Amino acid sequence: MSIFFDISLLHLTLLMMAPLIIACLGETIIERSGILNVGIEGIVTLGAVIGFLSTYYSDSPVVGC
């Protein structure tokens, strides 16, 4: 295999993109209903920050999930 294409790299890329894909699908469904949510990036970022901080301060990986 070459360095530019590796199955494990593709797997990790899709794994890391899963929250963004879910947010984009949710926004697509909401826009089809006629509602415009311009703050979706901020909501996703705030959720990630809160998840990180709750995991960091509680020393438990279960709390931040």
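The values are calculated or read from the model by the stated rules, or taken from the named source; none is laboratory data. Since this is a predicted model, take the numbers as computed values, not measurements. No Cβ is skipped: glycine too gets one built from the backbone with ideal geometry, and neighbour counts run over all protein chains shown.
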(request) May I ask you to verify whether ILE3 is modelled with pLDDT under 85, on the phi < 0 side of the Ramachandran plot, out of contact with any Cys (no Cβ under 6 Å at 6 or more places or on another chain) and of a type outside the set (S, T, N, Q)? (result) yes
(request) Inspect the range 47-54 for any residue being at pLDDT 85 or above and over 15 Å from the mean Cα position of the chain (by Cα) and give the result as yes or no. (result) yes
